[in-house]
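K.L.:
Starting off with a structure, shown below.
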Amino acid sequence: MEAGVYYSEQFGRVWMIALQGDFDLDGLGVVQEVTEQVLSAFRGPVVFDLALVSFCDSALLNHLVRTAARRPTALVQASTAVARLLELTGAGAVFASYEDLIAPTSEPEP
């Protein structure tokens, strides 16, 4: 499956960017563009939905880490491919991680 952004929109207090397909350096351009647009227009946390990512290498991982250095960043529904890369590199500690879309998009309790 071709790499791309499935959707990008605000959900409550976070901005959700959903990715799909096989990601390597060649497929990263659109994700970088969308992320830059979001970081310029939105001041809250960014959440990447990774459920439909079938392959990723260090290019996508580096992009996620760079985004986390600029803004609170969370990962949702990490696919097996992404989870394996996060585990092998230890990069999972950089991100909040959620099993479903409910937790990162819900409003904080008072």
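K.L.:
So which strands (runs of 3 or more DSSP E) are wholly in segment 26-110 and hold at least 1 residues that are modelled with pLDDT of 90 or more, in contact with a Leu (Cβ under 7 Å, 6 or more places away or on another chain) and under 15 Å from S8 (Cα atoms)? Walk me through it before giving the result.
P.N.:
On the way: elements: 46-56, 73-76, 96-98.
By residue number, 46-56, 73-76.
K.L.:
With the condition kept exactly as written, say whether any residue in segment 37-44 is surrounded by 13 or more Cβ atoms within 10 Å (Cβ to Cβ), closer than 15 Å to L64 by Cα and touching a residue at least 60 places away in the same chain (Cβ under 8 Å).
P.N.:
no
K.L.:
Quick one: L52 ticks every box in (1) under 17 Å from L39 (Cβ atoms); (2) touching a residue at least 40 places away in the same chain (Cβ under 8 Å) except a single one, so which number is it?
P.N.:
Of everything listed in (1) under 17 Å from L39 (Cβ atoms); (2) touching a residue at least 40 places away in the same chain (Cβ under 8 Å), L52 misses just condition (1).
K.L.:
I would also like to ask the following. Can you pull out every residue in segment 13-33 that is over 15 Å from T73 (Cα atoms) and either among the charged types (D, E, K, R) or touching a residue at least 60 places away in the same chain (Cβ under 8 Å) (or both)? Walk me through how you get there before you give the answer.
P.N.:
Initial filter on segment 13-33 (over 15 Å from T73 (Cα atoms)): 20-30, 33.
If the condition is that a residue be over 15 Å from T73 (Cα atoms) and either among the charged types (D, E, K, R) or touching a residue at least 60 places away in the same chain (Cβ under 8 Å) (or both), then D22, D24, D26, E33 are the ones that fit.
K.L.:
I've got another one for you. Show the residue pairs meeting these rules: Cβ distance below 7 Å; 6+ apart or different chains; first residue within segment 82-99 and in contact (Cβ under 8 Å) with a residue 24 or more places away in the chain; second residue hydroxyl-bearing (S, T, Y).
P.N.:
These pairs meet every condition: F95/T73.
K.L.:
So which of F23, F48 is of a type in the set (A, V, I, L, M, F, W, C), touching a Cys at 6+ places or on another chain (Cβ under 8 Å) and within 26 Å of G90 (Cβ to Cβ)? Break it down into steps so the answer makes sense when it comes.
P.N.:
Working: F48 fails: touching a Cys at 6+ places or on another chain (Cβ under 8 Å).
Sole residue among the options that is of a type in the set (A, V, I, L, M, F, W, C), touching a Cys at 6+ places or on another chain (Cβ under 8 Å) and within 26 Å of G90 (Cβ to Cβ): F23.
K.L.:
Being in contact with a Gly (Cβ under 8 Å, 6 or more places away or on another chain) and surrounded by 17 or more Cβ atoms within 10 Å (Cβ to Cβ) narrows it down to one of L19, L52, L28, so name that one.
P.N.:
Being in contact with a Gly (Cβ under 8 Å, 6 or more places away or on another chain) and surrounded by 17 or more Cβ atoms within 10 Å (Cβ to Cβ) holds for just one of L19, L52, L28, which is L19.
The values are calculated or read from the model by the stated rules, or taken from the named source; none is laboratory data. Since we're looking at a predicted model, the values are computed, not measured. Note: ideal-geometry Cβ built from the backbone for every residue, glycine included; neighbour counts use all protein chains shown.
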